[in-house]
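Have a look at the structure below before the remarks.
Values in this text are rule-based calculations from the coordinates and carry no lab data. In this text the structure is predicted, and so the values were computed from the model without any measurement. Methodologically, a virtual Cβ is constructed for each residue, glycine included, from the backbone with ideal geometry; neighbour enumeration extends over all protein chains shown.
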Amino acid sequence: MDNQQLQVVLEMRGITKRFPGVLANDKVDLTLNAGEVLALLGENGAGKSTLMNVLIGLYRQDEGEIYLGGKRVEIHSPSDAADLGIGMVHQNFKLVRTMTVAENIILGLKDLPFIPKIQEVTKRIKALSDQYHLKVDPSAYIWQLSVGEQQRVEILKLIYRGASILILDEPTAVLTPQEAQELEHVLEILTSEGKSAIFITHKMEEVMAFSDRVLVLQQGKLIASRNTDETSPQELARLMVGREVLFRLDKEPCQPGDTVLELKDICAMDNRGLPALNDLSLEIKSGEILGIAGVAGNGQNHLAEVVTGLKKPSKGQVILNGKDVTQNSPLQMIQSGVSYIPADRIGMGAVGNMAVSENLSMKGYRKEPITRNGILQPKQITKFAKNLIELFRIATPTPATRIKFLSGGNIQKAILAREIDSCSGLMVAVYPSRGLDVGATESVRKMLLDQRQRGLAVLLISEDLDELLSISDRIAVLFDGRIMGVVPSEHVDSETLGLMMGGVPISALPDEAVS
Amino acid sequence: MRVVFEKRQSISRQAMVLVPVLSFFAALLLGAILLLSSGANPITTYVAMLRGAFGSTYSFSETLVKAIPLMLTGLGVAVAFKMRFWNIGAEGQFVWGGIAGTFVALFLSQYIPDPLLLPAVILGGTIAGAIWAGIPAVLKAYIGVDETLTSLMLNYVAILYAQYLFYGPWRDPEGYGFPGTALFPEAAWLPRLLNRAHLGLVFAFIAALVLWFIFNRTRWGFELKIIGENKTAAEYLGIKIARNIVLALLLSGALSGLAGASEVAGLSRRLQTGFSMGYGYTAIIVAWMAQLKSIPVLFVAVLMAALLVGGDQVQLTMGLPSSVGLVLQGLILFPMLAGSLFTEYRLRIIRQKNEPSISPDQEIESELQS
């Protein structure tokens with residue numbers, strides 16, 4: 001890009017957006033030049049998506065202004081944004097699967113005639129797809145297309161509508177490496193014609209490969225702006241996650257015992273048949289917390305599901321207490337003492353329409369005293385629930401209240417109570433404190449430390465580096481379904497972790513970083 | 001000023017009782033408009049219907065006669081719906097109960113000792129109903145075939161097959177051409193309690209109690225409830241989903257099959273034309289109105305039966321079409337569905353402009369309006 005002729009096309013000034021209890025954007029400034037690719041880098045919850053949703057009119061900012069080509073604009077809806085030449089490719093594509101590419105592209109156009117001339121549309125799409133190297137058959141149905149092709153349709157849709165500013169939300173998250181390379185090429189053509197792009201990401205290598213400039217957001221604030229060729233992955237990693245660790249809980253020294261869980265060369269596929277875990281090997285001993293660090297979507301859920309029997313690996317072995325349990329069902333894993341605190345509390349961890357007491361006994365109901373000869377014992381259920389409610393300080397009006405009427409923190413405490421109570425070997429906890437307030441977070445972490453003291457093995461999957469550094473004994477970093485390295489948590493800094501989270505294997509790091 | 005729906009802090013028990021009751025009265029009001037438009041006096045019509053359904057011991061027993069199959073099929077449908085399995089095949093399962101019961105009564109009677117014949121008839125019908133419901137259940141649970149289509153279409157197979165049987169191979173040779181089988185041997189008759197109201201009533205009461213017990217007091221019922229409420233959670237908790245769906249649907253079909261067998265053995269004592277009256281479809285309304293709860297199904301079934309019997313009565317006494325009762329049955333469902341919203345939500349009227357916002361979306365809304 002030619003730095004001499006910078007022409008500002010978009011300026012966002014002092015954008016502030018509040019949600020109840022959260023400051024999602026705090027006086028964020030953003031400028032975008034013609035022909036530029038701008039990366040928005042930050043952890044989950046840093047405010048990247050909020051900022052872009054303001055720009056395309058899904059949210060309305062509380063404070064701040066937006067200028068387009070020097071003129072102040074009000075954007076009330078995505079269709080306003082489209083009129084101004086701003087379009088977004090969402091992470092989950094907004095395409096109608098049973099319609100063709102051409103139909104999807106013209107769907108929702110305002111000046112569409114009653115009977116659209118599909119042939120003309122097709123011709124124009126063909127011309128555009130040649131021009132921008134976005135190869136796709138206009139008459140194909142969406143359900144016939146790969147994810148990469150669907151993304152091309154989304155981009156074509158924006159170009160067809162005359163967008164000059166394209167927003168891409170984690171565009172490579174769903175792509176194969178080859179498709180990602182093609183996307184890079186498409187961006188080059190687009191920018192060479194003076195169009196600009198903003199892309200949301202938390203992958204360092206993507207920033208380095210795609211962008212001209214990068215803005216780093218942290219907890220809603222813009223904390224740095226760098227020209228890509230003047231920065232390094234190290235610096236960006238530090239900027240993204242490099243705040244000081246706030247507190248370390250007092251914990252006893254780790255006294256690891258026998259190996260509880262061993263994963264050997266595990267491979268697993270996701271729902272689309274793409275590899276989600278690649279030759280992953282891990283080991284956890286009793287009395288130890290192994291933290292799994294990594295940006296969401298790098299195989300965390302698959303890892304948890306393989307360990308709990310919900311997903312069968314396509315290759316490799318799961319060994320629990322010395323026994324091969326690779327083919328075990330979820331029930332067999334539960335019965336071997338594996339507990340699981342899932343990431344999706346409401347969707348998986350709890351049954352909203354059932355009572356708190358029933359939810360608490362959903363692991364223990366197979367055994368006495370909760371059932372006797374297949375018959376439930378309501379008195380025992382209530383007694384059992386009251387005990388856990390007191391022990392874990394779950395705030396609920398009565399044990400019979402439907403659990404969906406509790407706060408998120410209390411639902412999480414209930415799930416934790418149930419899982420801890422039923423656990424007798426391995427505890428798998430995925431994002432256990434996500435979305436909880438400080439008090440609840442601390443009690444969740446304390447409970448996990450207590451389990452380690454009890455001699456359980458804990459697999460803690462978290463995005464929160466503070467959490468990982470403060471309670472785990474060792475940290476393994478997961479990237480793209482692979483382990484980038486395992487490090488003892490006392491001797492690691494967040495910059496090193498940040499680099500590994502961005503895809504740099506431990507072997508490529510300088511020695512002093514992990515000594 | 002804006003009116004918003006707001007989630008309640010807890011389930012409203014008042015609403016759970018009031019909604020079905022008010023829906024019934026709303027249906028009466030809507031029905032009144034229809035009656036007026038066809039020149040009938042709604043009040044005298046309703047009074048005549050009430051008399052027709054409950055006015056005498058005989059009319060009450062006739063209401064019970066129609067309530068029995070509605071109770072059993074209603075319970076069957078409720079079991080399936082609790083699992084979020086949209087079994088609309090109760091009619092077919094009911095008809096199979098009749099076919100199998102008839103087969104046992106007519107063609108196996110010489111092999112079965114008399115005291116065991118009636119139990120065998122009932123059991124045969126129950127098993128046949130279960131199998132008929134098992135087909136869509138297996139298709140759904142193991143290969144994901146949509147159950148609404150399969151269960152509905154299997155109704156036609158069952159109904160037409162029954163017709164084929166009593167018009168064709170099973171037709172009573174001494175029946176003067178009447179479409180129906182021969183009369184069952186007396187050992188296969190289900191005893192009657194009051195006029196034509198038969199022992200099926202007792203079956204229905206027992207079934208309701210057993211279902212209540214299964215869903216509230218057994219480990220299996222607990223698992224079924226979890227599957228119905230949240231399949232992802234059920235899988236996570238190690239519950240075998242496919243197997244349990246099939247088992248629950250066997251139970252669902254068994255209840256409708258029991259209804260069919262009781263109907264042939266208790267009422268007509270033969271399989272004949274007019275056997276399939278659509279009880280299995282009305283059962284869907286019964287189950288919804290009873291909010292899928294077993295004991296209320298019994299009462300709702302009586303109410304629905306009263307509408308049918310009352311409808312027949314106004315045809316006789318006032319010359320109105322008997323479908324008045326069917327129209328009212330249908331009309332009840334609309335206010336019911338609309339009203340069920342109020343058990344979990346309530347209306348709130350917002351007057352000031354600067355209310356504290358509840359969700360980000362609402363915040364945007366209010367800002368856009370200001």
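Rounded to whole Å, give me the distance from the Cα center of the stretch A:442-478 to that of the stretch A:246-310.
12
First check a/c for chain B, with a ≥ b ≥ c the square roots of the eigenvalues of its C-alpha gyration tensor; if it is under 1.5, answer rounded, and if not, answer prolate when a/b is larger than b/c or oblate otherwise.
Details: a/c = 2.39, a/b = 1.42, b/c = 1.68.
The shape class here is oblate.
Would you please put B:132-142, B:188-198 in order of how densely packed they are, using the mean number of other Cβ atoms within 10 angstrom per residue and starting with the highest?
Details: B:132-142: 22.8, B:188-198: 17.5.
Top of the packing list down: B:132-142, B:188-198.
Longer than 28 Å from Cα to Cα, which of A:Lys312/B:Lys240; B:Lys140/B:Lys293; A:Lys251/A:Lys323; A:Lys71/A:Lys123; A:Lys251/A:Lys413; A:Lys285/B:Lys240 are they? Say none if no pair is.
Values: A:Lys312/B:Lys240 16 Å; B:Lys140/B:Lys293 24 Å; A:Lys251/A:Lys323 31 Å; A:Lys71/A:Lys123 35 Å; A:Lys251/A:Lys413 21 Å; A:Lys285/B:Lys240 31 Å.
Pairs exceeding 28 Å: A:Lys251/A:Lys323; A:Lys71/A:Lys123; A:Lys285/B:Lys240.
Using θ = phi - 60° and the Karplus relation 6.51 cos²θ - 1.76 cosθ + 1.60, list the HN-Hα couplings for the stretch B:237-247 in order, rounded to whole Hz, with x at every Gly or Pro.
For the stretch B:237-247, the Karplus curve yields 7, x, 8, 7, 6, 4, 4, 5, 4, 5, 4 Hz.
So if I place +1 on the C-beta of Lys and Arg and -1 on the C-beta of Asp and Glu, and nothing else carries charge, what would the dipole magnitude of the protein assembly as shown be about its Cα centre? I want it in debye, nearest 20. All intermediate terms of the calculation are to be shown ahead of the outcome.
Numbers: 80 positive and 84 negative charges, 787 e Å.
It comes to approximately 3780 debye.
Suppose only helical runs count, i.e. DSSP H with n ≥ 4. What mean residue ellipticity at 222 nm does that imply for chain A under -39500 (n - 2.57) per run, divided by all residues and rounded to the nearest 500 deg cm²/dmol? Kindly include the intermediate steps, with their values, before the conclusion.
Working: 16 runs with 159 residues, N = 515.
After summing the helix terms and dividing by the residues of chain A, the value is -9000 deg cm²/dmol.
Sort the stretch B:1-96 into rounded, prolate or oblate with this rule: let a ≥ b ≥ c be the square roots of the eigenvalues of the Cα gyration tensor; rounded if a/c is under 1.5, and if a/c is not under 1.5, prolate when a/b is larger than b/c, oblate otherwise.
Working: a/c = 2.10, a/b = 1.10, b/c = 1.91.
Because a/c hits 1.5 or more and a/b fails to exceed b/c, the stretch B:1-96 counts as oblate.
Roughly speaking, what is the stretch gain from A:Lys126 to A:Gln7, that is 0.36 nm per residue apart minus the C-alpha to C-alpha distance, in nm to one decimal? Each step should come with its number before you reach the end.
Details: separation 119, 0.36 × 119 = 42.84 nm, distance 3.05 nm.
Stretched out fully, the A:Lys126 to A:Gln7 stretch lengthens by 39.8 nm.
Excluding A:Ile75 itself, what net charge comes from residues whose Cβ is under 10 Å from its Cβ, given Lys and Arg +1 and Asp and Glu -1?
Working: positive: A:Arg60; negative: A:Glu74, A:Asp80, A:Asp83.
Net local charge, A:Ile75 excluded: -2.
Take peptide B:215-224, look around each residue's Cβ out to 10 angstrom, count Cβ atoms belonging to other protein chains, and average those counts.
Details: counts 0, 2, 6, 5, 10, 4, 3, 11, 3, 0.
Shielding by partners across B:215-224 averages 4.
Give me, ordered by chain and number, the residues 5 or more places off A:Leu478 or on other chains with an amide H under 5 Å from its own placed amide H.
When sequence neighbours closer than 5 places are left aside, the close amide H contacts are A:Ala293, A:Gly294, A:Met484.
Short version: ³J(HN,Hα) in whole Hz for each residue of the stretch B:177-189, in order, from phi by Karplus 6.51 cos²θ - 1.76 cosθ + 1.60 (θ = phi - 60°), x for Gly and Pro, what are they?
x, 5, x, x, 7, 5, 5, 5, x, 4, 5, 9, 7
Other chains' Cβ within 10 Å of B:229-242 residues: what's the mean? All intermediate terms of the calculation are to be shown ahead of the outcome.
Numbers: counts 5, 9, 1, 8, 12, 4, 3, 12, 12, 13, 4, 3, 0, 0.
Mean inter-chain Cβ contacts per residue within 10 Å come to 6.
According to a simple spin-label model (label point 7 Å from Cα along Cα-to-Cβ), what is the distance in nm between B:Glu235 and A:Lys446?
3.6
For A:Lys221, go through the aspartates and glutamates and keep the ones whose alpha-carbon is under 17 Å away, minus same-chain ones fewer than eight residues off.
Those aspartates and glutamates meeting the cut-off are A:Glu11, A:Asp26, A:Asp29, A:Glu43, A:Asp62, A:Glu63, A:Glu65, A:Glu244.
Can you flag which of A:Lys17/A:Lys94; A:Lys48/A:Lys446; A:Lys203/A:Lys404; A:Lys264/B:Lys231 are past 28 Å Cα-Cα?
On the way: A:Lys17/A:Lys94 25 Å; A:Lys48/A:Lys446 31 Å; A:Lys203/A:Lys404 35 Å; A:Lys264/B:Lys231 30 Å.
Correct reply: A:Lys48/A:Lys446; A:Lys203/A:Lys404; A:Lys264/B:Lys231.
Let me confirm one metric for peptide A:54-61, namely the mean number of other chain beta-carbon atoms within 10 Å of its residues' beta-carbons.
So the per-residue partner count for this stretch is 2.
Using Cα centres only, tell me the gap between the stretch B:201-259 and the stretch A:356-435 in whole Å.
Centre-to-centre (Cα) distance: 23 Å.
How charged is the neighbourhood of B:Phe215? Take every other residue with its Cβ under 14 Å from the Cβ of B:Phe215, and add Lys/Arg as +1 and Asp/Glu as -1. Each step should come with its number before you reach the end.
Details: positive: B:Lys82, B:Arg217, B:Arg219, B:Lys225, B:Lys293; negative: A:Glu358, B:Glu223, B:Glu229.
Net local charge, B:Phe215 excluded: +2.
Enter the Cα centre distance for the pair the stretch B:105-122 and the stretch B:141-171, rounded to the nearest angstrom.
25
What net charge is computed for the residues neighbouring A:Glu205, neighbours being all others with C-beta under 12 Å from the C-beta of A:Glu205, Lys and Arg scored +1, Asp and Glu -1?
On the way: positive: A:Lys203; negative: A:Glu184, A:Glu206, A:Asp480.
Every neighbour counted, the sum reads -2.
If you take the square roots of the eigenvalues of the alpha-carbon gyration tensor of the protein assembly as shown and sort them as a ≥ b ≥ c, do you get rounded (a/c under 1.5), prolate (a/b over b/c) or oblate? Walk me through the numbers before you get to the answer.
Values: a/c = 2.22, a/b = 1.67, b/c = 1.33.
Prolate.
For the stretch A:128-133, what does the Karplus curve 6.51 cos²θ - 1.76 cosθ + 1.60, with θ = phi - 60°, yield as ³J(HN,Hα) per residue in whole Hz, taken in order and with x for Gly and Pro?
5, 6, 5, 4, 9, 6
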